[in-house]
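Here is the structure we will look at.
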Amino acid sequence: MTDRTMRTRAAVAIAAALVIGAGWGAGCSDATVSDTPDVNLGVDTDETDTTPGDDTGDDTGEDTTDPGPLECDGPNPQGCVSTGCPDEQVCVVLDDDCIPSGCFCDEEIGDWACDDDCGGGRCVEPVTCRPPNPAGCTQEGCPGDLICVRDEDVCAPTSCECDPLSGAWSCEDDCDGGGSCEDVDDTVYCRADWNCPIGSICEGGVCEVAICLPVVEPVCGADGQTYDNACVARAAHVAVVHDGPCEGSGISCEEPNPAGCTQDGCRRGYICDRREVKCAPTACRCDTVTNTWSCTNDCDGGGVCVPGIILPPLDPALAP
């Protein structure tokens, strides 16, 4: 029993004794407790402890503090298409490897929200394809004053890419590529049109300036461009795919070929000067769908044509 309760009961007993004594003194022997007037002794008879400072409000026991944004566990699961790969690695998308291309952390639930696709890719160590590139100098070009010599009797693709997973070459299904770099005086002797500067063709083993009649008989070139006639296409060293204009004709790369004269060559009396070139590809092809150049990933090309000395033939046996 608490001290507060004991004091309360003692006060009630004293009040009752005073009332009874007052009744006796007045000769009211039949007085009852119910007739006793209310007496306020200043004592709180409520045994409920109302100690100041106690919180008497509703307490549900729940923590209503705002936890703030939630963090997601682990690294972002998106693939290397978005994040890239470390040096010496390449990003590949495998058929049986479903990795999302993009993800972000949903801070409300603390979980990753990702794109519903499997095109994210994975970083792998590339497998190097065994050289040489089957497309030869048609794709890779030639350094310095060397020229690309093709044997038209040999079927070789115009471009190839190295599969970093299998280490095998994946090539175009055509026969207009190949070739090797040789030190040949292409202004004197030639084996094919490719040995001659643009605008010249190989006739009888000698490069001659192409003279085309102003006749409009459109043909579609292998580069997706329409030429006025087959002679103009040949002078541009472009194979004819079919007679008539190309579908979507008029679409071409407006910027100059980034490979410069390393790929396009120079006219007679000029040489390809690369002294001011820092990095340029050796070969490019115009993508007529996107209207952009698609180039080899190297820095051995470029250059501009300047007047220069024409070297004599390396081997007189090349003469017809």
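The values are calculated or read from the model by the stated rules, or taken from the named source; none is laboratory data. Given the structure is predicted, the values throughout are model-derived calculations rather than measurements. Reconstructed Cβ throughout: ideal geometry from the backbone, glycine too, with neighbour counts over all protein chains shown.
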Selection count where residues are in a strand (DSSP E or B), surrounded by 18 or more Cβ atoms within 10 Å (Cβ to Cβ) and more than 37 Å from the chain's Cα centre (by Cα), scope region 203-243: 2
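For region 138-185, list the strands (runs of 3 or more DSSP E) that sit wholly inside it and hold at least 1 residues that are under 26 Å from CYS266 (Cβ atoms); which are they? Please lay out each step first, then the result.
On the way: elements: 147-149, 160-162, 169-171, 180-182.
Passing ranges, in order: 147-149, 180-182.
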Note down all Cβ pairs under 6 Å where the first residue falls in region 103-126 and is over 29 Å from LEU165 (Cα atoms), the second is of a type in the set (D, E, K, R), and they're at least six residues apart or on different chains. ALA113/ASP106
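Let's see how each residue does on (1) at pLDDT below 80; (2) under 27 Å from the mean Cα position of the chain (by Cα); (3) over 23 Å from VAL232 (Cα atoms):
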site: SER159; (1), (2), (3): no, yes, yes
site: ASP173; (1), (2), (3): no, no, yes
site: GLU182; (1), (2), (3): yes, no, yes
site: CYS196; (1), (2), (3): yes, no, no
Among the residues of region 108-121, is there at least one that is buried (at least 18 other Cβ atoms within 10 Å of the Cβ) and touching a Leu at 6+ places or on another chain (Cβ under 9 Å)? yes
Filter region 127-149 down to residues that are of a type in the set (S, T, N, Q) and either surrounded by fewer than 17 Cβ atoms within 10 Å (Cβ to Cβ) or farther than 23 Å from CYS162 by Cβ (or both), then give me how many there are. 1
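Quick check, is GLY260 in contact with a Lys or Arg (Cβ under 6 Å, 6 or more places away or on another chain), closer than 26 Å to CYS190 by Cα and modelled with pLDDT of 80 or more?
No: the conditions fail for GLY260.
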Go through (1) under 23 Å from GLY260 (Cβ atoms); (2) touching a Pro at 6+ places or on another chain (Cβ under 8 Å); (3) not hydroxyl-bearing (Ser, Thr, Tyr) one by one and return the number of the condition ALA156 breaks. (1)
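Is there a residue in region 53-70 that is outside the structural domain of PRO281 (by TED's automatic domain parsing), assigned to a loop (DSSP other than H, G, I, E, B) and modelled with pLDDT of 80 or more?
Filtering region 53-70 down to residues outside the structural domain of PRO281 (by TED's automatic domain parsing) leaves 53-70.
Remaining after also requiring assigned to a loop (DSSP other than H, G, I, E, B): 53-70.
Within this subset, residues satisfying the condition of being modelled with pLDDT of 80 or more are 69-70.
Yes, region 53-70 contains a residue that is outside the structural domain of PRO281 (by TED's automatic domain parsing), assigned to a loop (DSSP other than H, G, I, E, B) and modelled with pLDDT of 80 or more.
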